[in-house]
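Worksheet: the structure to be examined is printed underneath.
The values are calculated or read from the model by the stated rules, or taken from the named source; none is laboratory data. Since we're looking at a predicted model, the values are computed, not measured. Accessible surface areas use protein heavy atoms only, side chains included; no ligands, DNA or RNA. Shrake-Rupley method; radii C 1.70, N 1.55, O 1.52, S 1.80 Å.
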Amino acid sequence: MMRSNSKRQALLAAVEGGGTSFVVTIALVKSMETQDLTTIPHTSFEILHRATIITTTPEETLKNTCSFFSKHRPANGFDSVGICTFGPLGVNPSDQITFGRILQGSPKKDWRNVDILSPILQACSSIDGKKRPTYKIDTDVNAPALAEFEYVTKTLKKPITSLAYITVGTGVGVGLVVNSQPVHGMMHPEAGHVPVVPLNGDDFAYSWGDRSPFRGRNTVEGIASSVALTERLAIVSQLTESSAFQNREGLKDLSDDHPIWDHAANALANLCVTLALVTSVENIVFGGGIMNRGVLYDMIRERTRELLNGYLDVPQITTRKGLEDYIRPSIWKKEGPGLVGALVLAQLALQEKQEQELATEQLSAAKDAPSVAQDSPLYDTLQQQTNYKYTTWTQLALCSGAFMLGLLFGGVSRRNK
């Protein structure tokens, strides 16, 4: 994972906003020399304070979230803030109307158009309000995808450029890193709603599909989410709405060989196939409550291989070890990949700010200095910039000269005719 370049240990604030709860955290970024058993494994984060806030109304939830940070913030505020939350979320900073807000398409009616970002930034600013922390905000799946990507590339030193993170819980969400950057585009990925090929004879339809693509019928979320699995279980078992089985907690009591898991594995394997074929993603990581059912991993892997039908002749698919590495659980199952993802967002924001400040200082120093030593890296950089400018102006001059000569001789030629 990345480390802060600051000599002082940076103080981060992080929020993982979920439909069930908001996890709020304050952490230090520790240097390699000071890391110990108190840091989150495979990171440089030491948790100082943490709380879980039950998600109720937007007003109450955000009030409690902000109170937590206001209670613990230092006088100068936090150095950086990372926020990841359920979507659909406005993640385009150039769109001032939707940025940092839950979008109108959210199935959570009370949360539509709610500003998540502004109140949290205010609570994390300096007490006098003059200093606002740097920040990043993204979805609760893009952030874990970015954290897992950082782990694979920075800690494991594997040269990948893409990774997908899939969470399977109340809904199904997908975060994507492609070309080493989280994917946003028009909005952000919503691949939990892609259609799938259901198992033979399956005509199940779940009740949350009214505002979903395909009305939720034969989609990943419409089959593999805890809501869909619970509703299917009620139908299969011929249970009433008031049955205890309607409580999604009852899923954990099912045996590993219950037929309901075949439907979940098939839907999630369809999703893996779609991601592999469309994005050629190099690693697929799972999280979420449903994926605590360990037997699902091998079921998903084998079904993925079957559905691909030998088309992708690569070791990630054709070998057992390749599949185990390709489709795997999050390494932060205990700590929570969403929490780590929010901290990584904060750390990335801080690192980008530090890099910008360093570049500004170097530029200022170069302008103020009477000369630069020829054996310094800064001299080489400035020399490259000078050479580039010289070459560019030379090329422009030559092109302009050629153009003028063409006009001159062209005119002479026409007059001679």
- Message: What aspartates and glutamates does residue 158 reach when the alpha-carbon gap must be under 20 Å and sequence neighbours fewer than 8 apart in one chain are set aside?
- Response: 148, 150, 282, 324, 325
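Within the range 244-305, what whole-number % of the accessible surface is contributed by carbon and sulfur, with the 1.4 Å probe and all protein chains included in the calculation? Provide the component values of the computation, followed by the final result.
On the way: 1300 of 2580 Å².
Using a 1.4 Å probe with all protein chains present, the range 244-305 comes out at 50 percent carbon and sulfur.
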- Task: For the range 48-174, report the accessible area per residue in Å² (1.4 Å probe, heavy atoms, rounded to an integer).
- Result: 44
- Task: Relative to the compact-globule scaling 2.2 N^0.38 Å, provide the ratio for the alpha-carbon radius of gyration of the range 72-128.
- Result: 1.27
- Is the range 241-371 best put as rounded, prolate or oblate by its Cα gyration tensor, with a ≥ b ≥ c the root eigenvalues, rounded for a/c under 1.5, and otherwise prolate when a/b is larger than b/c, oblate when not? oblate
- Query: Roughly how many Å² of residue 110 are accessible to a 1.4 Å probe, to the nearest 10?
  - Reply: 120
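Any of 30/333; 333/353; 136/321; 71/131; 157/333 with alpha carbons more than 24 Å apart? Name them for me. It would help to have the intermediate numbers written out before the result.
On the way: 30/333 22 Å; 333/353 30 Å; 136/321 36 Å; 71/131 17 Å; 157/333 21 Å.
From the list (30/333; 333/353; 136/321; 71/131; 157/333), the Cα-Cα distance tops 24 Å for 333/353; 136/321.
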- Quick one: Cα centre-to-centre distance for the range 83-100 and the range 163-239, in angstrom? 22
